[in-house]
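A.B. asks: One structure, as structure tokens, below. Some questions next.
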Amino acid sequence: MDAAAMAILLQQLVNSLAISAIIIMIGIGITLVFGLTGIINFAQGELLMLGGVATWLLVGRAGVNFFAALVAAAVIVGAVGFLLERSIFRFTLRRPMNGFIISLGLSVFLQHFVIRFWNSYQKSIPDPVGGVWQVGSIRIAAVRVMVVAVTAAAVGFTFFAISRSRHGLALRAAVADQDTARLMGIPVARYVTAVFVYGSALAGLGGALMIALFPITPFVGQDVVVGGFAVALIGGLGNVAGAVVAGLILGFADGLSAGYGLPEWTEAYSFALMILILLVRPQGLLGGTEGPAIV
Amino acid sequence: MSGRVSGRVASAAFLLLLVALPWISPSYRFLSIAISTGTVAITLYGLAVLFGQAGLMSVGHAALMGVGAYSAAILALRLGIGFWGALPCAMLTAALAAGLIGLPSLRVSGHHFVIITYAFCTLLTIVLTNGGDATGGASGLDLDPVGRLFGVNFDSVRNYYLLVLAALLAAMLATDLIARSGYGRTLRAIRENEALARAVGINTALHKLGAFMLSGAFAGLAGVLQAYYLRHISPGLYGGLPSLYIAMSVMLGGARVLYGPLAGAVIVNFLPEVLSIDPVDSRMAYGAGLVLVILLLPGGVIASLADLGAWAAALARRTAGRWTQLAQGR
Amino acid sequence: MAALEISGLRKRFGGVEALAGVDLSVTRDAILGIVGPNGSGKTTLFNVITGVFRPAAGRIVWEGHDIAGHPTHAIARRGLVRTFQQAMSFPALTVAENVGIAWARRRMAAPWAGPDAILDFMGLSEQSAEPAGRLPFGLLRRLGLAVALATAPRLLLLDEPGAGLNEAETAELGELILQLPGRDIGVCLIDHDMALMARLCQRLVVLDFGTKIAEGPTRAVLEDPTVIDVYLGHRP
């Protein structure tokens with residue numbers, strides 16, 4: 001491979017990192033919520049969309065600084081997650097399939113709620129960072145670096161919280177076996193709420209990062225959520241490390257197909273990859289949970 | 001017993017009303033909304049067999065309608081096979097596609113599997129969009145009118161409505177027969193306890209795939225009827241969002257009762273159009289409605305109405321009993 | 001020759017050898033009990049025999065055919081049927097439907113005239129129109145057995161039929177199980193209730209860490225010092 005080809009390859013890998021970042025942000029929430037409750041939350045995509053719209057409102061309409069809006073989007077969407085868990089999802093914990101169906105309804109509701117108030121057109125904000133860095137022959141947009149850095153920080157925090165803290169240990173125990181965890185005095189219901197809130201906040205953050213990269217519509221959640229599910233399933237449900245690895249794989253597949261293959265088939269590659277991996281290894285690449293044993 | 005008789009009278013009257021509709025309300029708009037509702041309802045019956053009986057949920061059923069619709073359009077364009085020839089072929093291709101989508105359900109648990117159906121659906125949209133001349137790309141394909149058969153001109157809205165109605169009634173009848181048959185009982189056994197079903201000798205893999213293919217055939221039929229009604233099809237009709245609405249409708253109406261899917265189709269497709277409700281409002285309402293139905297009436301609207309009826313009848317009996325006791329001076 | 005002949009059966013989960021080369025022969029005329037501490041591989045043995053899991057190695061010969069690795073439903077149709085500790089019924093279906101589903105699949109001549117006769121034998125006739133999910137636990141256990149009997153089995157593998165039952169219920173169920181060999185249905189069962197096992201089984205096999213550590217007539221096995229040490233020693 002000559003230097004020019006190498007540079008193009010590196011360029012594609014760098015570009016795809018930002019895409020991986022968004023998918024990972026939504027995938028972590030999906031994988032944690034599923035691992036603990038067995039609920040496939042289809043509305044996770046709409047939570048991401050809400051984060052994007054909130055950022056658009058704050059930055060575009062109210063003139064707030066992007067980084068303040070980023071934090072606000074995570075807080076707002078986290079609060080929405082709290083409300084949804086308290087008012088709806090907690091009543092479906094015994095029947096996760098009902099939780100899934102409800103999330104379909106929620107997704108449609110949230111899409112049209114946003115359209116009702118802020119129409120269905122594309123929404124974008126000015127590049128919050130600006131500038132392009134030149135590293136050798138590779139050009140890197142600063143905004144992409146920012147997106148990857150924020151995601152890396154969020155992923156790092158999540159890992160730390162799950163693997164090092166007392167709460168993380170209790171959470172992993174609850175994911176592995178709810179009943180035993182309950183017998184050990186772990187307040188599982190509180191962890192369910194916490195995971196919903198945390199997953200929602202990450203989705204909100206992901207939405208803010210996404211609108212920094214591309215314009216979004218109220219339907220963007222539908223496109224992103226499948227990527228999030230792909231990541232969660234490929235990595236193994238309930239497995240955060242798996243979600244991160246799978247997010248990187250999908251992002252690279254995406255970037256490489258855009259650079260070398262047929263760009264119009266980009267999304268098809270990730271879905272086909274997901275279906276194939278699940279057929280060969282139903283438990284995901286790194287192994288995960290089948291969800292809580294509730295019939 | 002009298003409850004069952006009055007139920008039969010009510011459903012006979014309802015079906016008669018459906019047949020008489022073209023003569024009661026000649027409005028073109030009304031009939032065309034009824035036609036599109038009818039085609040969706042046929043798909044919903046297929047999904048009701050799959051979900052209501054076998055317990056397998058799919059959020060990719062619009063894709064199967066798409067397979068049916070595109071099969072019909074391609075047959076017409078390439079081989080000159082018209083509507084009537086396309087019907088059985090499209091049902092077959094949709095059934096085969098459904099079998100393919102159902103294949104992972106044999107290895108992957110129910111929760112994971114739902115996502116795979118959605119991925120398949122999105123995958124199909126991409127394939128259709130990038131299919132070049134074969135699928136007409138993003139702009140889609142056109143279809144010729146159905147034409148005449150046995151001297152009946154199916155290009156008139158009234159006759160096409162009656163055709164769709166006949167197909168819908170056939171779908172309802174088939175669903176009912178399946179639910180009552182030993183086959184339906186086998187599917188319910190798989191839904192209720194798959195491990196035990198295997199242990200008593202049921203080939204669960206075969207029957208799950210079978211249920212999928214059957215459900216796909218319904219969707220294929222619906223796809224052809226819808227395609228020849230619209231006379232133009234494009235990938236967007238068969239993507240993720242339409243699939244979600246199909247899944248939602250069947251849950252709203254109820255998948256395990258005969259009139260559930262029809263009710264779902266009417267609530268989601270017919271009422272808002274006929275009442276000219278703003279689509280954004282109506283969709284917000286379904287979204288919220290679905291959440292409430294699942295939380296409060298998990299059997300769906302129709303099953304809950306039936307429960308309400310039974311409860312009212314029991315209440316009436318009890319009250320009547322009280323009054324007789326009082327009248328007898330106790 | 002024994003109806004079910006198992007040799008060198010192995011199954012591994014991750015790093016744990018759940019079955020480490022088990023040999024076993026089961027005849028249909030005497031009730032065989034399998035005992036052992038928790039995690040000794042009893043349920044895994046049933047799961048591998050009935051095709052729920054594929055064995056890593058070994059032969060399972062049932063009436064002359066090697067069925068190792070065959071799917072569960074095909075094994076059931078050959079008359080080798082198991083019950084479950086937990087998944088006993090189809091909850092939303094009625095008791096009669098539960099039994100009817102299994103009856104419709106039978107491939108062999110059954111010692112009962114029909115599903116009603118089985119419900120009668122199991123003492124479930126009164127509940128036949130009730131959804132299985134509404135039955136009290138004791139009756140649910142009986143329904144589990146009734147469903148298994150309706151497949152017209154030649155050999156029944158019962159996984160802890162007495163678990164969760166009180167003393168009277170266990171005794172009643174034990175009486176019913178004792179009648180099965182007389183109706184040409186072989187029985188092999190797992191249970192922790194030693195009194196029940198002593199009453200029902202002519203022969204016992206003891207598993208520990210996936211291997212067979214003792215086998216023989218019930219009384220002799222119960223008095224075997226190794227067995228007492230490994231398993232019965234846990235009793236207060």
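A.B. asks: Kindly provide the set of residues from segment A:199-230 that are under 11 Å from the mean Cα position of the chain (by Cα) and over 11 Å from A:I22 (Cα atoms), ordered by number.
C.D. replies: Answer for segment A:199-230, where residues must be under 11 Å from the mean Cα position of the chain (by Cα) and over 11 Å from A:I22 (Cα atoms): A:G199, A:S200, A:A201, A:G221, A:V226, A:F229, A:A230.
A.B. asks: Of the numbered conditions (1) within 14 Å of another protein chain (Cβ to nearest Cβ); (2) buried (at least 22 other Cβ atoms within 10 Å of the Cβ), B:D278 fails exactly one; give the number of that condition.
C.D. replies: (2)
A.B. asks: Confirm whether B:T129 is closer than 30 Å to A:G284 by Cβ and within 14 Å of chain A (Cβ to nearest Cβ).
C.D. replies: yes
A.B. asks: Shifting gears a bit: For segment C:86-95, state whether one or more residues are part of a loop (DSSP other than H, G, I, E, B) and among the β-branched types (V, I, T).
C.D. replies: no
A.B. asks: Residue by residue through segment C:138-183, note down the ones that are charged (D, E, K, R) and not in a helix (DSSP H, G or I).
C.D. replies: Within segment C:138-183, C:R154, C:D159, C:E160 qualify.
A.B. asks: Let me ask something else about it. Could you list all residues from segment B:197-242 that are among the polar types (S, T, N, Q), in a helix (DSSP H, G or I) and either at pLDDT 95 or above or under 15 Å from B:V67 (Cα atoms) (or both)?
C.D. replies: Those that are among the polar types (S, T, N, Q), in a helix (DSSP H, G or I) and either at pLDDT 95 or above or under 15 Å from B:V67 (Cα atoms) (or both): B:S215, B:Q226.
A.B. asks: Of these, A:F117, A:F113, A:F109, which one is free of Cβ contacts under 8 Å to residues at least 12 places away in the same chain, within 14 Å of another protein chain (Cβ to nearest Cβ), surrounded by fewer than 14 Cβ atoms within 10 Å (Cβ to Cβ) and in a helix (DSSP H, G or I)?
C.D. replies: A:F117
A.B. asks: To continue, here is another question. In this structure, does B:A119 turn out to be in a helix (DSSP H, G or I) and either within 14 Å of chain A (Cβ to nearest Cβ) or surrounded by fewer than 21 Cβ atoms within 10 Å (Cβ to Cβ) (or both)?
C.D. replies: yes
A.B. asks: To continue, here is another question. Tell me, which residue of segment A:108-155 that is basic (K, R) and more than 20 Å from the chain's Cα centre (by Cα) is farthest from A:W56 (Cα to Cα)? Even if it seems obvious, please write down each step before you answer.
C.D. replies: First, the residues of segment A:108-155 that are basic (K, R): A:116, A:123, A:139, A:144.
Filter again for more than 20 Å from the chain's Cα centre (by Cα), leaving A:116, A:139.
Values: A:R116: 16, A:R139: 27 Å.
Filtering segment A:108-155 for residues that are basic (K, R) and more than 20 Å from the chain's Cα centre (by Cα), the one farthest from A:W56 (Cα to Cα) comes out as A:R139.
A.B. asks: May I ask you to list the residues in segment B:131-154 that are in a strand (DSSP E or B) and at pLDDT below 80?
C.D. replies: Within segment B:131-154, B:R148, B:L149, B:V152, B:N153 meet the criteria.
A.B. asks: Now, a different point. Suppose we keep only residues that are surrounded by fewer than 23 Cβ atoms within 10 Å (Cβ to Cβ) and closer than 23 Å to B:L77 by Cα within segment B:187-234. Which one would you say is nearest to the other protein chains (Cβ to nearest Cβ)?
C.D. replies: Only one residue tops the list, namely B:S234.
So that you can scan it fast, the table gives a plain yes or no per residue for (1) assigned to a strand (DSSP E or B); (2) crowded, with 21+ Cβ neighbours inside 10 Å:
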| residue | (1), (2) |
| --- | --- |
| C:A18 | yes, yes |
| C:S25 | yes, no |
| C:G33 | yes, yes |
| C:T43 | no, no |
| C:V48 | no, yes |
| C:P55 | no, yes |
| C:R59 | yes, no |
| C:I75 | no, yes |
| C:V81 | yes, yes |
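A.B. asks: While we're looking at this one, here's another question. Quick test for you: out of A:I140, A:I125, pick the one residue that is surrounded by 15 or more Cβ atoms within 10 Å (Cβ to Cβ), at pLDDT below 85 and not in a helix (DSSP H, G or I).
C.D. replies: Step by step, each of A:I140, A:I125 is checked, and only A:I140 is surrounded by 15 or more Cβ atoms within 10 Å (Cβ to Cβ), at pLDDT below 85 and not in a helix (DSSP H, G or I).
A.B. asks: Sticking with this one: Anything in segment A:77-104 that is buried (at least 24 other Cβ atoms within 10 Å of the Cβ) and more than 14 Å from chain B (Cβ to nearest Cβ)? List them, or say none.
C.D. replies: Within segment A:77-104, A:V77, A:G81 meet the criteria.
A.B. asks: Can you confirm whether segment A:160-171 contains a residue that is closer than 20 Å to A:Q44 by Cβ and touching a residue at least 24 places away in the same chain (Cβ under 8 Å)?
C.D. replies: Scanning segment A:160-171 turns up at least one residue that is closer than 20 Å to A:Q44 by Cβ and touching a residue at least 24 places away in the same chain (Cβ under 8 Å).
A.B. asks: Restricted to segment A:104-140, and to residues that are in contact with a Phe, Trp or Tyr (Cβ under 8 Å, 6 or more places away or on another chain) and among the small types (G, A, S), which residue is farthest from B:A247 (Cα to Cα)?
C.D. replies: Here the answer is A:S124.
A.B. asks: Look through C:L157, C:L140 and report the one residue that is in contact (Cβ under 8 Å) with a residue 12 or more places away in the chain, within 14 Å of chain B (Cβ to nearest Cβ) and surrounded by 24 or more Cβ atoms within 10 Å (Cβ to Cβ). Spell out the reasoning first.
C.D. replies: On the way: C:L140 fails: surrounded by 24 or more Cβ atoms within 10 Å (Cβ to Cβ).
Result of the check over C:L157, C:L140: C:L157.
The values are calculated or read from the model by the stated rules, or taken from the named source; none is laboratory data. Nothing here was measured: the structure is a model prediction, and the numbers come from that model. All Cβ positions, even for glycine, are placed from backbone atoms using ideal geometry, and neighbour counts span all protein chains on display.
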